[in-house]
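Visitor: Here you go, one structure.
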Amino acid sequence: MCFSYRTGPVWRVELDMMESASASLDVADFPRFLVIQNGARHNYAIPAAFQRAGALSALYTDFVATQGLGSVLSRMAPANGRLAEVLERRTPPAEIAGKVFCDSPSFLAGRAVSAPFGIRAGFFCQMLLSQQRMAFRGAQNATHLYTMFGEGGSFIAKAKDKGLQVVGDVFIPLSADQIVSDEEAHNPDWADKEPKQTTLAQTIQANQNLLNLSDFLICPSEFVRDDLLKYGVDLRRTLVVPYAVGAKWLDLEVEPQPGRVLFAGTASLRKGIHHLAAAATLLKGQCKIRVAGAVSERVRNHPEARDLAFLGHLGPFRMAEEFARADVFAFPSLVEGSAGVTGEALGAGLPVVATRAAGSIVRDGVDGLIIPERHPEALAQAIMSIVLDRDRREAMSQAARQRAQVFTWDGFVHRVIQATIKITK
């Protein structure tokens, strides 16, 4: 399945060549970005970084705690509890508050359709309505559109017709759902009882405008970029820029306990929980693997998961404690865009054992080890090689924290702006 794309200059960012966000750019050359982002991805870090750079025109999003229905719920919700936690996450930073346009009606319509007809039907209902509302609101005097994967839809074509340059953020591979579906077919006892995946053809169809009309596509990892190339995207229209690492992890005081291994994230087949379980059995008596994140009863009670310690979903304080006491971070995911938890682990000084599919910024043999997907034996061996060699573990820990400091959101946005200016010139 291939497409015909326009080509352009090559802007590929090498991981070890990241420039400082403080590098000078002529303010007169700054583009003005309209960002489309549903949810609170990266805690609204990308639009906030555009704002700090003087380059944010507006943010179009679906639901925030400060407008519409969200503001009503914020006044009514108890101070503690799940709803308060959700609303806190959906609160954009104050620096962009005046530039946020939320679309509560489309969000609610999508949720209403999901109940009787399924998540996919609700998603397309919300997208259809939100694209109409974005068209009504227009481009907000922007010169550029920055849209997340799956979220711009028909509005991308309208923006292009208005002369806007389009940047697409492909935060997960096109083939992600296909990879998970194939894994479920081979491991049905680990799979969700109600799979939520769409087919590869449906994913590509839903993102036709993003793939065909974007001037370039941001890829947070080589894994995402290589996946795009398989489906006809020209290398010269891709820009590999890793996402940032949260600064709070860089100052975490740590007391690693030898042999204590941490996994963070939903304990799902997609993230390789079945392979992690097999590795835990191989390491029994030598290491203990702790799983921090949501877990279904099906996975928790799986007989092959008996050597995993499931902690459930943890709040920020408990999560920081787990990072501080861990010796190694393990993440054998089968498909990610760029797993943020691996960057957080590096920031906390943890050597990371991960797959290439995790899209990690880990350098093999320097601040962690890269292992093949679906290979619990390699995972167990890599973990033990770090746990048993304390000098190596200490060197990797120091390299990990140095590595994490390179990646900031201001630096990320700086790279995007540089690339758009090169296109303009």
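Visitor: Quick check on Thr266: is it polar (S, T, N, Q), surrounded by fewer than 22 Cβ atoms within 10 Å (Cβ to Cβ) and part of a loop (DSSP other than H, G, I, E, B)?
Guide: yes
Visitor: Could you check how many residues of segment 383-425 are within 28 Å of the chain's Cα centre (by Cα), part of a helix (DSSP H, G or I), polar (S, T, N, Q) and closer than 30 Å to Gln51 by Cβ?
Guide: 4
Visitor: Taking the conditions exactly as written (under 19 Å from the mean Cα position of the chain (by Cα) and not acidic (Asp, Glu)), does Leu200 satisfy them or not?
Guide: When the stated conditions are applied, Leu200 does not pass them.
Visitor: Checking the condition within 30 Å of Val406 (Cα to Cα), assigned to a helix (DSSP H, G or I) and free of Cβ contacts under 8 Å to residues at least 60 places away in the same chain, which residue from Leu276, Leu229 passes?
Guide: That would be Leu229, the only listed residue that is within 30 Å of Val406 (Cα to Cα), assigned to a helix (DSSP H, G or I) and free of Cβ contacts under 8 Å to residues at least 60 places away in the same chain.
Visitor: May I ask you to say which residue of Gln140, Gln165, Gln126 is polar (S, T, N, Q) and at positive phi?
Guide: Unique residue meeting the criteria: Gln140.
Visitor: Looking at segment 208-226, which of its residues are part of a loop (DSSP other than H, G, I, E, B) and farther than 22 Å from Ala339 by Cβ?
Guide: Within segment 208-226, Ser214, Asp215 meet the criteria.
Visitor: OK, next. Mind checking which residues of segment 176-196 are part of a helix (DSSP H, G or I) and small (Gly, Ala, Ser)?
Guide: The answer is Ala176, Ser181, Ala185.
Visitor: Then there's this: Only helices (runs of 4 or more DSSP H) wholly contained in segment 75-175 count here; list those with 1 or more residues that are in contact with a Cys (Cβ under 6 Å, 6 or more places away or on another chain).
Guide: Fully inside segment 75-175 and qualifying: 104-117.
Visitor: Restricting to segment 295-307, name every residue that is in contact with a helix residue (DSSP H, G or I) (Cβ under 9 Å, 6 or more places away or on another chain), part of a helix (DSSP H, G or I) and under 26 Å from Arg89 (Cβ atoms).
Guide: The answer is Val299, and nothing else.
Visitor: Further question on the same structure: Could you give me the residue pairs with C-beta distances under 9 Å whose first residue belongs to segment 366-383 and is assigned by TED's automatic domain parsing to the domain that holds Gly343 and touching a residue at least 40 places away in the same chain (Cβ under 8 Å), whose second residue is surrounded by fewer than 19 Cβ atoms within 10 Å (Cβ to Cβ) and of a type in the set (Lys, Arg) wherever it lies, and which are 6+ apart or on separate chains?
Guide: If the second residue must be surrounded by fewer than 19 Cβ atoms within 10 Å (Cβ to Cβ) and of a type in the set (Lys, Arg), the pairs left are Glu373/Arg356.
Visitor: Right, here's the next one. Quick check on segment 283-297. Is at least one of its residues more than 17 Å from Thr266 (Cα to Cα), buried (at least 18 other Cβ atoms within 10 Å of the Cβ) and in contact (Cβ under 8 Å) with a residue 24 or more places away in the chain?
Guide: Yes, segment 283-297 contains at least one residue that is more than 17 Å from Thr266 (Cα to Cα), buried (at least 18 other Cβ atoms within 10 Å of the Cβ) and in contact (Cβ under 8 Å) with a residue 24 or more places away in the chain.
Visitor: When only residues in segment 232-245 that are out of contact with any helix residue (DSSP H, G or I) (no Cβ under 6 Å at 6 or more places or on another chain) and assigned to a loop (DSSP other than H, G, I, E, B) count, which is surrounded by the fewest Cβ atoms within 10 Å (Cβ to Cβ)?
Guide: Gly232
Visitor: For segment 71-98, which positions are crowded, with 18+ Cβ neighbours inside 10 Å and under 23 Å from Gly138 (Cα atoms)?
Guide: Pro92, Ile96
Visitor: If we keep just the residues of segment 298-313 that are at negative phi and of a type in the set (Gly, Ala, Ser), which is surrounded by the most Cβ atoms within 10 Å (Cβ to Cβ)?
Guide: Across segment 298-313, the extreme among qualifying residues is Ala305.
Visitor: Among what's in segment 396-415 and is touching a residue at least 40 places away in the same chain (Cβ under 8 Å) and aliphatic (A, V, I, L, M), pick the residue that is nearest to Pro47 (Cα to Cα).
Guide: Top of the filtered list is Val413.
Visitor: Please identify the pairs in which a residue from segment 168-188 that is over 29 Å from Ala244 (Cα atoms) has its Cβ atom under 7 Å from the Cβ atom of a residue that is crowded, with 16+ Cβ neighbours inside 10 Å, counting only partners at least 6 apart or on another chain.
Guide: Pairs that qualify, where the first residue is over 29 Å from Ala244 (Cα atoms) and the partner is crowded, with 16+ Cβ neighbours inside 10 Å, are Ser181/Gln197; Glu183/Leu269; Glu183/Leu334; Glu184/Ala191; Glu184/Leu269; Asn187/Leu269; Asn187/His274.
Table: residues versus (1) of a type in the set (D, E, K, R); (2) surrounded by 18 or more Cβ atoms within 10 Å (Cβ to Cβ).
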site: Gly315; (1), (2): no, no
site: Arg318; (1), (2): yes, no
site: Ala330; (1), (2): no, yes
site: Val335; (1), (2): no, yes
site: Pro351; (1), (2): no, yes
site: Ile361; (1), (2): no, yes
site: Glu394; (1), (2): yes, no
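The values are calculated or read from the model by the stated rules, or taken from the named source; none is laboratory data. Predicted, not measured: the structure shown is a model, and the values here were computed from it. Methodologically, a virtual Cβ is constructed for each residue, glycine included, from the backbone with ideal geometry; neighbour enumeration extends over all protein chains shown.
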